[in-house]
Amino acid sequence: MAKIKKTYFCQNCGAQSPQWVGKCPSCAEWNTFVEEIVSKNEKKLFSTGPATKRISKPIAIGEVSDEKHNRIIFKDSELNRVLGGGLVHGSLVLFGGEPGIGKSTLMLQMALQHSKARVLYVSGEESMKQVKMRADRIGQTSENCFLLNETKLQHIFSHIDEFQPHILIIDSIQTLHSEYLDSSPGSISQIRECTGDLMKFAKETQTSVFIIGHITKDGSIAGPKVLEHMVDTVLQFEGDRNHIYRLLRTTKNRFGSTNELGIYEMQTGGLLPVLNPSDVLLNNNDEALSGVAIASTMEGMRPMLVEVQALVSTAAYGNPQRTTTGFDTKRLNMLLAVLEKRCGFKLGAKDVFLNITGGIRVNDPAIDLAVVSAVLSSNVDLPVSKEIALAGEVGLTGEIRPVSHIDQRITEAQKLGFEKMIVSKYNKGVKQSDFDIELIQVGKIEEVFRHLFGSE
Ligand code: TYD
Ligand code: MG
């Protein structure tokens, strides 16, 4: 094998070092150094095929073919939606999610449903028998879906040369390795190298490639954003393994919007698209209960609606308790103080329990308004209408402050079927005419109270 020169690069600032170091001398970040190839000799990729001999030429912009004709449309409407209206030829899609969430199931299902395109499903994780068993479970079969059990990238490319699929699925990138690198499969340098080669392959042969990637506990796909900037589209599959609903989100898309959300139901026969998501996520409980408010929050770049529950009761023993799950207790204390001072609610002698349902933790200040509403609702024992979503930060003077990405929050609430949304009137550029949902723009906490519980 040819001699390969390697160097270590900091993934944070790009500093270079001939050997691995724990702490970057330049930006002082820890564990950011990763081995990379500087020169690769005799590297042959999929270069045996005719496709790579194509050299790109300048084309007038008007002559570039229209993208619309270039998409593969699936039967699965949710998948089409998150991809921005179908899969673009030659695009590289990274499909991330926790182990066991249903990534392989969705990809296989897609391959089986779309019988027109030739699909090659490369599985490095499971044997062909296992994949076949899953296909039987899904209950579909297709003459155009082919399986390959292989983990070496160069071997995969040599198969592709003969086979020429329209869609290639790699399950998963963590099992793949390139023979030009010594590091073990799943290491950052292998993942980068393989993804880079797959990207080149996709662009040069106009084959669409899906790469399945497991995500780490903190939610990133295999290392610090290593892959996300390389690929065209990033899809994330989320949900609780013990529940039946799964959310498919676009976190990056060069060919469409990133605000898209697809919802599936995991059933015994595969994943079923949920066509009416508001039924699923919001009408779990038909009864109007006090102490519940819905917040439109953002997680990174992703809008998400969460339910905030509060219970306010008279403190049984002198010292009132403040207990929170998924929310900062100090922030709750501050909000209670604001309510006491600005609205005259005597909460000082009450126990307050606060819970963000779904077991998630929210740090987004826009949840304040829902927290305050849930507390007030429990305190006066009047329910907040289930048709209302809220997003706003509460300031110390009781003013409702504007929050970031308000358009996305409103769009998400609208998408999930809410009729009204309470937002800050100080959010610049929010126009009712842009949205179907009724916007209630408020400036003070008292106004929120009036809107929620009538004039008191
Ligand atoms: P899988 O696609 O193997 O997850 P991943 O590739 O993300 O690791 O899905 C695993 C889970 O899905 C497994 O717990 C069984 C469940 N499942 C169903 O409930 N119904 C089905 O029809 C299939 C195929 C799987
Ligand atoms: Mg899998």
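The values are calculated or read from the model by the stated rules, or taken from the named source; none is laboratory data. Because the structure is a prediction, the values reported are computed rather than measured. Backbone-built Cβ (ideal geometry, glycine too); neighbour counts: all protein chains shown. Remember, those area values only see protein heavy atoms, side chains included, never the ligands or the DNA or RNA. Shrake-Rupley method; radii C 1.70, N 1.55, O 1.52, S 1.80 Å.
Add +1 for every Lys or Arg and -1 for every Asp or Glu among the other residues with Cβ under 15 Å from the Cβ of Asp436, and state the total.
Numbers: positive: Arg409, Lys415, Lys420, Lys431; negative: Glu387, Asp407, Glu412, Glu419, Asp434, Glu438.
Net local charge, Asp436 excluded: -2.
Where the accessible area of the chain is counted over protein heavy atoms with a 1.4 Å probe, how much of it, in %, is carbon and sulfur? Display every interim value, and only then the final one.
Values: 11090 of 22050 Å².
After summing per-atom areas, the C and S share lands at 50 percent.
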Using a cut-off of 12 Å between beta-carbons, work out the net charge of the residues near Leu335 (Lys and Arg +1, Asp and Glu -1, Leu335 not included). +1
Convert each backbone phi in segment 369-380 into a coupling constant with the Karplus relation 6.51 cos²θ - 1.76 cosθ + 1.60 (shift: θ = phi - 60°), then list the ³J(HN,Hα) values in order as whole Hz, x for Gly and Pro. 4, 6, 4, 4, 5, 5, 5, 4, 4, 5, 5, 8
Tell me, what is the per residue accessible area of the chain in Å², probe radius 1.4 Å? 48
How would Asp136, Asp171 line up by accessible area, probe 1.4 Å, largest first? Asp136, Asp171
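To the nearest 0.05, how large is the calculated FRET efficiency for Asn149 and Lys431 if R₀ is 56 Å and r is the Cβ-Cβ distance? Each step should come with its number before you reach the end.
Numbers: r = 55 Å, r/R0 = 0.98.
Computed FRET efficiency for Asn149 and Lys431: 0.55.
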Ser404 and Asn363 label points (each 7 Å along its Cα→Cβ direction) are spaced in nm at 1.1
Go through segment 184-192 residue by residue and turn each phi into a ³J(HN,Hα) via Karplus (6.51, -1.76, 1.60, θ = phi - 60°); whole Hz please, and just put x for glycine and proline. 6, x, x, 6, 4, 5, 5, 4, 5
Of all DSSP beta bridges in the chain, what percent run antiparallel (nearest 5)? 50
Kirkwood hydrodynamic radius (C-alpha pairs) into Stokes-Einstein, segment 280-453, 20 °C and 1.002 mPa s, D in µm²/s: 135
Return the sequence-ordered ³J(HN,Hα) values of segment 102-117 in whole Hz as given by the Karplus equation 6.51 cos²θ - 1.76 cosθ + 1.60 applied to θ = phi - 60°, using x for Gly and Pro. x, 5, 4, 4, 5, 5, 5, 4, 4, 5, 6, 6, 8, 7, 7, 8
Those GluC sites (Glu not before Pro) from segment 401-446 that are DSSP loop and have at most 12 other Cβ neighbours within 10 Å turn out to be none
For segment 280-453, give the share of DSSP beta bridges that are antiparallel, in percent and rounded to the nearest 5; count only bridges with both residues there. 55
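Do any of Lys252/Lys420; Lys57/Lys203; Lys75/Lys152; Lys75/Lys103 go past 21 Å between their Cα atoms, and which?
Working: Lys252/Lys420 28 Å; Lys57/Lys203 14 Å; Lys75/Lys152 31 Å; Lys75/Lys103 17 Å.
Check vs 21 Å cut-off fails for Lys252/Lys420; Lys75/Lys152.
In segment 285-352, which GluC sites (Glu not before Pro) are in a loop and have at most 10 other Cβ atoms within 10 Å, using DSSP for the loop call?
On the way: sites: Glu287, Glu299, Glu307, Glu340; in loops: Glu287.
Answer in residue order: Glu287.
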Sequence-distant or interchain residues sharing an amide H contact under 5 Å with Leu147, placed H: which? Tyr121
If you count only protein heavy atoms and use a 1.4 Å probe, how large is the accessible surface of Leu261, to the nearest 10 Å²? 10
Among the trypsin sites (Lys or Arg not before Pro) within segment 126-225, which fall in a DSSP loop and have no more than 15 other Cβ atoms within 10 Å of their own Cβ? Lys217, Lys225
